[in-house]
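What follows is a set of notes on a single structure, which appears directly below.
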Amino acid sequence: MQKIQFTGLEKQREILRSEIEANMAKVIDHGQFIMGPEVAAFEKALSDFCGATYSIAVANGTDALQIAMMAAGIGAGDGVLVPSFTYTATAEVILILGARPIFVEVDPATFNIDIAALPGAIANARRAGLKPKAIIGVDLFGLPADWEAINTLAEREGLFVLADAAQSFGGIAAAGQKVGTLAHVTTTSFFPAKPLGCYGDGGAIFTQDPSMAEKMRSIRVHGQGKEKYETVRIGMNSRLDSIQAAVLLAKIKLFRGETESRNRIADIYNAALSGSVKTPTKPQGVVSAWAQYTILHPKRDALQAALKERGIPTAIYYPKPMHLQTAYQAYGSGLGSLPLSERLSKEVLSLPMNPYATDDEIQYICDAVKACA
Ligand SMILES: Cc1ncc(COP(=O)(O)O)c(C=O)c1O
């Protein structure tokens with residue numbers, strides 16, 4: 001029996017260990033643990049990579065969302081449209097700021113927010129006395145959403161657009177623009193298991209808008225003004241550690257190649273598995289970051305157990321949609337209200353997405369899925 005690695009982080013660590021250790025040693029030597037030169041260098045590397053004019057490194061992907069929403073002035077009484085089938089952080093920040101989540105169904109092909117469902121959700125929210133102010137779209141599993149359509153609708157309705165790209169940094173839209181430039185503000189996460197992850201918590205915010213960039217940089221440091229001890233707005237303490245920037249500076253050099261490898265593996269999975277299970281859909285020309293390769297199967301739990309017996313790790317992202325979570329159910333319409341999100345939570349299964357996997361390992365996984373599905 002083979003022992004398959006889910007993410008490939010072990011192999012990556014082997015390749016990068018000496019460079020990462022040398023980068024970390026520099027931080028220990030200069031001692032600027034907060035906002036050291038590595039942070040500015042990493043922000044430049046991010047902008048070079050994705051084309052965003054402003055890249056702002058922060059403490060994690062959840063803070064990144066919150067800072068963006070604070071800078072956009074979202075607060076009490078505002079409604080924020082958000083897909084129900086996402087990670088809890090996307091919904092959490094809305095409530096932290098005193099706004100209300102408006103849970104929206106996802107698209108059956110892409111699992112991203114269902115654009116056709118947005119006008120109805122906005123109208124319902126207005127009827128219920130809410131003021132829809134923003135859309136947070138999520139590029140689930142690494143696949144960029146149809147941001148062109150979301151932006152067009154948002155402009156018509158006067159809504160702020162925030163892209164939660166925690167899973168999709170490295171992705172590219174059909175027209176060629178990279179994730180980081182597809183919405184008014186984009187956020188990502190460098191949680192260790194993300195396509196580009198650090199050795200702790202980390203995140204970043206991207207925008208082309210100078211006035212938003214200035215506000216978000218200020219909010220990152222307690223709402224600081226031009227002078228160090230001048231506070232001009234309510235802020236947070238959400239800086240990326242210099243040590244984490246040092247790790248990321250080494251890792252970002254491998255990131256393009258790793259993304260290509262993930263795409264190659266996804267193509268092999270798609271070709272081998274499409275007759276046996278429901279494989280992910282990827283619109284023509286779009287490049288996914290493949291944070292996860294997620295199939296659907298009606299007997300998901302049995303399939304997961306059978307794969308485990310064959311040494312193949314899998315994961316369930318996510319077992320419960322947001323509108324049914326204990327903390328958020330008061331803001332949703334209960335069981336049966338978003339049936340696709342509910343079905344996905346019972347059928348999704350993410351297979352290993354390890355850019356360092358060998359062809360033999362991928363073949364072993366495909367054979368096992370076909371035999372057990
Ligand atoms: C879709 C989504 N949004 C937000 C986050 C939050 O990122 P972090 O864990 O860095 O706070 C994550 C990461 O787990 C995520 O997957």
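The values are calculated or read from the model by the stated rules, or taken from the named source; none is laboratory data. As the structure is a computational prediction, the values presented were derived from the model and not from experiment. Using ideal geometry, Cβ is built from the backbone for each residue, glycine included, and neighbour counts are taken over all protein chains shown. Areas reflect the complete protein model, heavy atoms only, side chains present, ligands, DNA and RNA absent. Shrake-Rupley method; radii C 1.70, N 1.55, O 1.52, S 1.80 Å.
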Practice problem: Pop the C-beta distance of SER337 and ILE15 into the FRET formula with R0 = 51 Å and round what comes out to the nearest 0.05. | Solution: 0.60
Practice problem: Would you mind computing, in nm to one decimal, how far apart the modelled labels at GLN363 and ALA116 are, each placed 7 Å from Cα along Cα→Cβ? | Solution: 4.1
Exercise. First compute the accessible area of the range 1-152 with a 1.4 Å probe, then give the percent of it belonging to carbon and sulfur atoms.
Key: 55
Quiz item: So what does VAL247 come to for accessible area, using a 1.4 Å probe and Å² rounded to 10?
Solution: 0
Exercise. Note down the magnitude of the dipole of the chain about its Cα centre, charges +1 on Lys and Arg C-beta and -1 on Asp and Glu C-beta and zero elsewhere, to the nearest 20 debye.
Key: 460
Quiz prompt | Local electrostatic count, PHE85, Cβ distance below 11 Å [Lys/Arg +1, Asp/Glu -1] | solution = -2
Quiz item: Residues of the range 287-373: accessible area per residue at 1.4 Å, in Å²?
Solution: 44
Self-check item: Cut-off 19 Å (backbone N to label point 7 Å along Cα→Cβ of LYS346), residues of the range 277-304
Solution: 277-279, 295-304
Quiz item: Measuring from a point 7 Å past the Cα of ASP301 along Cα-to-C-beta, which residues in the range 346-373 have an amide N at less than 14 Å?
Solution: 346-348
Quiz item: On average over all directions, what projected area in square nanometres does the chain have, based on the convex hull of its Cα atoms?
Solution: 18.5
Self-check item: Residue-level accessible surface for LEU196, protein heavy atoms, 1.4 Å, Å²
Solution: 10
Quiz item: Taking K and R as +1 and D and E as -1, what net charge do the other residues with C-beta under 11 Å from the C-beta of GLY36 add up to?
Solution: -1
Exercise. With a point put 7 Å past each Cα toward its Cβ, work out how far GLU309 is from ARG156 in nm, to one decimal.
Key: 5.2
Self-check item: Karplus 3J(HN,Hα) series, Hz, for the range 259-274 with 6.51 cos²θ - 1.76 cosθ + 1.60 (x for Gly, Pro)
Solution: 5, 4, 5, 4, 5, 5, 5, 4, 4, 5, 4, 4, 5, 7, 9, 4
Quiz prompt | Sulfur and carbon atoms: percent of accessible area, the range 319-373 [1.4 Å] | solution = 50
Exercise. Please say if the range 63-103 is rounded, prolate or oblate, where rounded means a/c under 1.5 for a ≥ b ≥ c the square roots of the C-alpha gyration tensor eigenvalues, and otherwise the choice is prolate for a/b larger than b/c and oblate otherwise?
Key: oblate
Practice problem: Quick one: give the max-minus-min coordinate of the C-alpha atoms of the range 1-130 along each principal axis, largest first, in Å. | Solution: 59, 47, 26
Exercise. Let me know the Rg and Dmax you get for the range 1-73 when you use only its Cα atoms, in Å.
Key: 16.7, 55
Quiz prompt | Hydrodynamic radius of the range 144-239 per Kirkwood, over alpha carbon pairs, in Å | solution = 14.8
Quiz item: Are there GluC sites (Glu not before Pro) in the range 174-240 that DSSP marks as loop and that have at most 13 other Cβ atoms within 10 Å, and which are they?
Solution: GLU227, GLU230
Quiz item: What residues qualify as long-range amide H neighbours of GLY235, i.e. H under 5 Å apart, gap of 5 or more or another chain, H built at 1.01 Å from N?
Solution: GLY223
Practice problem: Would you kindly state the longest site-free stretch of the chain, with sites defined as trypsin sites (Lys or Arg not before Pro) in a DSSP loop (not H, G, I, E, B) surrounded by at most 15 other Cβ atoms within 10 Å? | Solution: 4-225
